[in-house]
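Notes for the one structure printed next.
Derivation of every value follows stated rules applied to the coordinates shown; laboratory data play no part. Just so you know, these numbers come straight off a predicted model, no measurement behind them. FYI the Cβ positions are ideal-geometry reconstructions off the backbone, even for glycines, and counts take in every protein chain you see.
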Amino acid sequence: MFEVSAQQTFAAGHALRNYHGKCENVHGHNYRVQVTVEGESLDETGLLVDFVELKRLMSQVIERLDHRFINDISPFDVLNPSAENLAKYFWDEISRDLKGDVPVRVSEVRVWETDTSIAVYRPHAISRS
Ligand SMILES: [Zn+2]
């Protein structure tokens with residue numbers, strides 16, 4: 001099994017609903033996102049997925065969020081903009097658009113809200129042969 005990961009950062013504001021504490025107030029984070037892709041074979045060039053393509057897909061999602069108030073952006077106008085839900089959102093969006101010359105899938109998304117606070121989304125449904 002091969003794995004490839006790429007990281008990108010963005011800055012955005014949010015406020016957590018149904019939460020009692022500092023994070024119910026509007027505040028910002030310098031988010032870091034890491035997307036990991038896995039697959040069993042490489043293309044003719046020896047790549048699982050082109051980093052350029054993976055980062056392009058990540059940037060498409062980040063463009064919607066960067067320097068914005070996340071609570072205003074669908075689905076976070078309804079869904080709480082927690083790091084956990086952001087990780088699942090990146091997984092959904094990138095999984096939908098990811099395709100390569102060889103079978104690949106997004107195995108994990110990590111979202112850092114701070115240097116020491118990380119949320120991970122990893123679907124259980126991945127079947128491994
Ligand atoms: Zn926060």
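Taking the Cα centre of the chain as origin, sum charge times position over the Cβ atoms of Lys and Arg (+1) and Asp and Glu (-1), and report the length of that vector in debye to the nearest 20. Can you show the working numbers first?
Working: 14 positive and 20 negative charges, 81 e Å.
Using Cβ point charges on Lys, Arg, Asp and Glu, the chain gives about 380 debye.
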Work from the charge dipole of segment 28-89 (Cβ charges, +1 for Lys and Arg, -1 for Asp and Glu, about the Cα centre) and give the residue of VAL35, LEU48, LEU65 farthest towards its positive end.
LEU65
R0 = 22 Å: FRET efficiency of ALA11 with SER117, Cβ-based, nearest 0.05?
0.90
Cα-based equivalent ellipsoid of segment 1-75: semi-axis lengths in Å, sorted from largest, via gyration tensor
33, 13, 9
Can you tell me which lysines have their Cα less than 24 Å from the Cα of LYS22? Leave out same-chain residues fewer than eight positions away.
LYS88
Give me the number: length gained by fully extending VAL102 to ARG68, i.e. 0.36 nm times residue separation minus the C-alpha to C-alpha distance, one decimal in nm.
8.7 nm
Quick check on the chain: what are the equivalent-ellipsoid semi-axes from the Cα gyration tensor, as sqrt(5λ), descending, whole Å?
29, 14, 12
Which angle from 0 to 90°, rounded to the nearest 10, does the C-alpha axis of helix 83-97 make with the longest principal axis of the chain?
40
Full extension between ASP77 and LEU47 adds, at 0.36 nm per residue less the Cα distance, a length in nm of 7.0 nm
